[in-house]
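Undergrad: Next up is a structure, given as C-alpha cells.
The values are calculated or read from the model by the stated rules, or taken from the named source; none is laboratory data. Everything numeric here is computed off the predicted structure, so don't read it as measured data. Every residue, glycine among them, receives a Cβ derived from its backbone with ideal geometry; neighbour counts consider all protein chains shown. The area values use the complete protein model at the heavy-atom level, side chains included, leaving out ligands, DNA and RNA. Shrake-Rupley method; radii C 1.70, N 1.55, O 1.52, S 1.80 Å.
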Amino acid sequence: LPGLLRLNNYYTVQYSFPHYVDAYTLNVRDGFMLVNNKKLVNPILVQVNRILRAEYTNFLYDLANRLIDRLRHIFFIKKMENPALVITNMADILPDSNKIDELINVLDHSSQPVFAHIHLMGTHGDKFYPPLQVFSKGQDSTTQEPYNPDFYDDSILEADAQIGRVIDYLTSHRLLDQTILVIASDHGQRFDAKKRLPWIVRFPNGEYAGHIQANVQNLDIAPTILEYMGLIKPAWIQGQSLLEGIDSQRPMIAVGVVSAEPGSDHFYRLNKDKIQPPFYQIERISLVYCQTWTYLNLTDFLVSSGTVPDYAEPCPNDALLSQEEAIALMIQHLRDNGFDTATLEAAFPQSIP
C-alpha cells in the first residue's frame, strides 16, 4: 500500500519501533520515503545496488547501521537498547508521544499528500509504563505484576490521548475531511487470536459511517483505501474492500510462527528442532469462520476449536463449518501457497475431497 501510494505522489512515512516493525529493517525498501527519521538514500548503496542483487544491498545497509550504532554507543553518543526490552516498553526508544510529534512535523512541512504508518506500543504488554497514572495512581510501576489491569487501562488512556492529538491537529488545520483515518491492531492482549478486535476507519465527511459486524481482517485495509481513492487494486493484493460489502461467512486464515523459548541464561531463542520441513517456521494455522475458530498445530497435528466470545450477530448453526471442512480449507490454503501438504493429507484423510 505505501509503495502504491508513493507512485501516486504521496509522501510516505513510518514511525514505529526499531527491530520489530521498522520497514527498512524488514527490507520494505520501496514503500516508505522516511522511516524513523531515516532515508534509504545513500549514494554508496545506490552504486552498490547497480552491481549487486538487492538483498546484498539491504544486508550492507543493515550491517552499516549496526556498526554505526555500536560506535555511537562506544563513544557515548547514543545508548544502545536491548531489543527484548523494547516490546515490554521498558526501553525508551521513540516513545508514542514522540512519534506523534514527528508526524505533526511531517504534516506541517510536506508539500505532498501524506501516507503515515504510526505504530503505537504503549499498550503492548506484559507490563505498561504510562506517563500519567490515573487508574494506577499510587501504584509503583516497577513492581507491577504482568498485565496489571490498572496500568493497562492507563496505557489505553495514553494511546487515546495520542490519537486525539492527531485528530485535533487535523481538525484545527481543516484537514480532517481530507484524511482517511485507520485504527487497527495486529493482535489482542496476551496475543489471543480468538477474540475480536476493533477495526476503525473514518472517511472524509463521515462517509460510509456505520458498523460492520461480520469478520474483517487487516488484509482488507489496502483494498478499502485503494477503492475509496479510485485506484486499481493489483491482482496480487489479498483482502477485500469493505466498501463492496462483506460476506459474514468469509473464512479468515492466519498462521503462527514457532515461539522463542527461554534458556537457562534467561535469553529467548528459537528451538531449531521445531523449524523443519515442510512447514519450517510455521507452527500452527488457524481459521475463523463466523463465530467459530479452529486451531491446527502443524507439529503434532492436534486440533482445537471453540467459539469467539461476544460475537454480535452469530451465523445460524446450519451455516457453520464442520471440523473436517475447516481443516480442508486450511490444508488448501497451505497448498495454494506452495507448501507440501502430504503429511497433513495423510493425517486428515477425511478432510480431503
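Undergrad: Looking only at residues in the stretch 1-26 that are over 17 Å from T179 (Cβ atoms) and surrounded by fewer than 17 Cβ atoms within 10 Å (Cβ to Cβ), which one is modelled with the lowest pLDDT?
TA: Here the answer is H19.
Undergrad: Continuing with this model, one more query. Looking only at the stretch 323-332, decide whether some residue is open to solvent by 60 Å² or more (accessible area, probe 1.4 Å), in a loop (DSSP other than H, G, I, E, B) and out of contact with any helix residue (DSSP H, G or I) (no Cβ under 7 Å at 6 or more places or on another chain).
TA: Of all residues in the stretch 323-332, those open to solvent by 60 Å² or more (accessible area, probe 1.4 Å) come to 323-325, 329, 332.
Restricting the remaining residues to those that are in a loop (DSSP other than H, G, I, E, B) gives none.
The answer is no; no qualifying residue exists.
Residue-by-condition table, conditions (1) surrounded by fewer than 17 Cβ atoms within 10 Å (Cβ to Cβ); (2) more than 18 Å from N98 (Cβ to Cβ); (3) free of Cβ contacts under 8 Å to residues at least 12 places away in the same chain:
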site: V134; (1), (2), (3): yes, yes, no
site: T143; (1), (2), (3): yes, yes, yes
site: Y152; (1), (2), (3): no, yes, no
site: V166; (1), (2), (3): no, no, no
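Undergrad: Considering the stretch 336-346 alone, what residues qualify as being under 32 Å from the mean Cα position of the chain (by Cα) and not aromatic (F, W, Y)?
TA: Those that are under 32 Å from the mean Cα position of the chain (by Cα) and not aromatic (F, W, Y): D336, N337, G338, D340, T341, A342, T343, L344, E345.
Undergrad: Same structure again: Among the strands (runs of 3 or more DSSP E) confined wholly to the stretch 217-321, which include 1 or more residues that are open to solvent by 80 Å² or more (accessible area, probe 1.4 Å), at pLDDT below 90 and closer than 18 Å to T343 by Cβ?
TA: none
Undergrad: Scan the stretch 166-206 residue by residue and report those that are closer than 19 Å to V308 by Cα and part of a helix (DSSP H, G or I).
TA: Q189, R190, F191
Undergrad: Kindly indicate whether any position in the stretch 148-165 is in a loop (DSSP other than H, G, I, E, B) and either modelled with pLDDT of 90 or more or closer than 22 Å to P198 by Cα (or both).
TA: There is at least one residue in the stretch 148-165 that is in a loop (DSSP other than H, G, I, E, B) and either modelled with pLDDT of 90 or more or closer than 22 Å to P198 by Cα (or both).
Undergrad: Which one is nearest to D247 (Cα to Cα) among residues in the stretch 333-353 that are loosely packed, with under 11 Cβ neighbours inside 10 Å and in contact (Cβ under 8 Å) with a residue 24 or more places away in the chain?
TA: So the residue we want is P353.
Undergrad: Still on this structure: I'd like the residue in the stretch 114-132 that is surrounded by fewer than 20 Cβ atoms within 10 Å (Cβ to Cβ) and among the hydrophobic types (A, V, I, L, M, F, W, C) and, out of all such residues, is nearest to the chain's Cα centre (by Cα).
TA: Going through the qualifying residues, I end up with I118.
Undergrad: While we're looking at this one, here's another question. Within the bounds of the stretch 130-141, is there any residue that is outside any loop (DSSP other than H, G, I, E, B) and of a type in the set (A, V, I, L, M, F, W, C)? So that I can check it myself, show each step before the final result.
TA: Quick first cut of the stretch 130-141, residues outside any loop (DSSP other than H, G, I, E, B) only: 141.
Still in the list and also of a type in the set (A, V, I, L, M, F, W, C): none.
No: the stretch 130-141 contains no residue that is outside any loop (DSSP other than H, G, I, E, B) and of a type in the set (A, V, I, L, M, F, W, C).
Undergrad: Return the residues of the stretch 211-254 that are basic (K, R) and over 17 Å from L4 (Cβ atoms); say none if nothing qualifies. Working first, answer last.
TA: First, the residues of the stretch 211-254 that are basic (K, R): 233, 250.
Result: R250, single match.
Undergrad: Turning to a different aspect of this structure: I want to confirm something. Restricting to the stretch 188-209 and keeping residues that are at positive phi and either touching a residue at least 40 places away in the same chain (Cβ under 8 Å) or open to solvent by less than 60 Å² (accessible area, probe 1.4 Å) (or both), which single residue is farthest from the chain's Cα centre (by Cα)?
TA: Within the stretch 188-209, the first condition is being at positive phi, and the residues that meet it are 190-191, 205-206, 208.
Subset that is either touching a residue at least 40 places away in the same chain (Cβ under 8 Å) or open to solvent by less than 60 Å² (accessible area, probe 1.4 Å) (or both): 190, 206.
Working: R190: 15, G206: 25 Å.
Per the criteria, the residue is G206.
Undergrad: Search the stretch 253-268 for residues that are in contact (Cβ under 8 Å) with a residue 24 or more places away in the chain and within 25 Å of E325 (Cβ to Cβ) and pair each with any residue that is outside any loop (DSSP other than H, G, I, E, B) and open to solvent by 70 Å² or more (accessible area, probe 1.4 Å) when their beta-carbon atoms are under 8 Å apart and the residues are at least 6 apart or on different chains.
TA: V255/R284; G256/R284
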